[in-house]
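Written out below as structure tokens is the structure these notes cover.
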Amino acid sequence: MASTCRALSANLRTLPNSSFIRSLPYIPSRFFAVKPAFSSLKLNSNSSRFSCRRTKASMAEIVTPKSKGKVKVFDTEEDLAVSLAEYTADLANKVSQERSSFTVVFSGGSLVKSLRKLVGQPYIDSVDWSKWHVFWVDERVVPKDHPDSNYLLAYTEFLSKVPIPTGHVYAINDALSAEGAADDYETCLKHLVQTKILDQSHSTNFPKFDLMLMGMGPDGHIASLFPGHPLVQENEKWVSFIKDSPKPPPERISFTLPVINSSANVALVVAGAGKASAVHTALSDVSNSEVLPVQLVEPEGELTWFLDKEAASKL
């Protein structure tokens with residue numbers, strides 16, 4: 001099955017009837033290593049179900065049941081960003097030594113800004129960007145130069161600053177309807193599986209991304225999977241669509257939960273006191289009348305939470 005993915009120019013010009021890829025220039029710079037300074041973290045837990053052990057001075061690790069993943073809590077969002085860059089770069093280089101591609105998935109919101117440390121030293125020179133293939137776990141069905149576009153945010157904050165090669169950035173076809181864009185994106189993913197760029201889970205047959213980087217909303221939603229919405233229950237499609245999103249804009253496409261859970265690695269990056277209640281619900285054993293979508297994230301591989309202390313304040 002042929003993919004419809006084609007190139008998207010750096011000035012965000014819309015090309016009709018195609019999915020889009022973008023090429024990025026490379027500006028070389030000298031390599032030098034920077035070791036970040038760390039401050040101490042004091043973390044209080046109000047639940048006996050959690051235990052806490054110090055790893056680095058800026059970070060505490062909360063021990064939870066294995067199904068809930070590894071939970072790292074940082075003094076500040078800045079410390080979180082430093083650790084997230086190290087985690088992502090180390091994983092990218094490990095996978096790149098074993099395979100010809102490193103498949104990474106972004107979400108929107110504050111997630112891309114949390115990757116800001118990757119665009120500087122030492123990572124700009126030490127990461128093998130030529131093997132990166134970039135996807136979106138969800139996207140708003142708007143033009144790529146629209147302020148609501150997840151692509152535009154990623155381009156502005158990250159993609160325009162790193163040397164990812166032509167043809168390795170896969171954005172939705174914004175000339176199609178929500179349903180058409182979802183079908184087109186799934187077709188593109190299936191082509192990439194067939195050509196061995198994208199791995200496939202042997203147990204589920206869903207695509208298996210090397211790393212899925214996701215944020216979480218204050219209501220516990222992930223991607224465009226919202227609490228109580230029927231899309232959370234979709235278990236056959238790879239990519240689906242929503243026309244009645246409770247959060248604007250209403251039309252979006254989204255990876256389904258089985259695709260998210262087929263990932264080799266999932267990083268949930270959450271910062272801010274406004275998300276503390278959802279974090280507590282997701283990581284505690286307290287019964288809840290309605291299961292939040294974030295509670296359903298149980299990847300085949302490793303789940304790691306990156307929290308600042310505000311987001312973890314109710315643990």
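The values are calculated or read from the model by the stated rules, or taken from the named source; none is laboratory data. Treat the numbers as computed from the prediction; the structure is a model and nothing was measured. For neighbour counting, all protein chains shown are included, and Cβ atoms are generated from backbone atoms with ideal geometry for every residue, glycine included.
A few points about this structure:
- When region 289-305 is filtered for residues that are farther than 13 Å from L257 by Cβ and assigned to a loop (DSSP other than H, G, I, E, B), the ones remaining, listed by number, are S289, E290, G301.
Here's the yes/no breakdown for (1) surrounded by fewer than 17 Cβ atoms within 10 Å (Cβ to Cβ); (2) closer than 22 Å to L84 by Cβ; (3) among the hydroxyl-bearing types (S, T, Y):
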{"residue": "Y155", "(1), (2), (3)": "no, yes, yes"}
{"residue": "P165", "(1), (2), (3)": "yes, no, no"}
{"residue": "A182", "(1), (2), (3)": "no, no, no"}
{"residue": "C188", "(1), (2), (3)": "no, no, no"}
{"residue": "F209", "(1), (2), (3)": "no, yes, no"}
{"residue": "G228", "(1), (2), (3)": "yes, no, no"}
{"residue": "E236", "(1), (2), (3)": "yes, no, no"}
{"residue": "I242", "(1), (2), (3)": "no, no, no"}
{"residue": "P248", "(1), (2), (3)": "yes, no, no"}
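- Within the option set A60, A33, being of a type in the set (G, A, S), in a strand (DSSP E or B), at pLDDT below 95 and more than 30 Å from V142 (Cα to Cα) holds for one residue only, A60.
- Of all the listed residues (S263, S313, S254), the sole one being closer than 22 Å to P207 by Cα, hydroxyl-bearing (S, T, Y) and part of a loop (DSSP other than H, G, I, E, B) is S263.
Here is a yes/no grid of residues against (1) of a type in the set (S, T, N, Q); (2) over 24 Å from L211 (Cα atoms):
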residue	(1), (2)
E251	no, yes
S263	yes, no
V270	no, no
Q295	yes, no
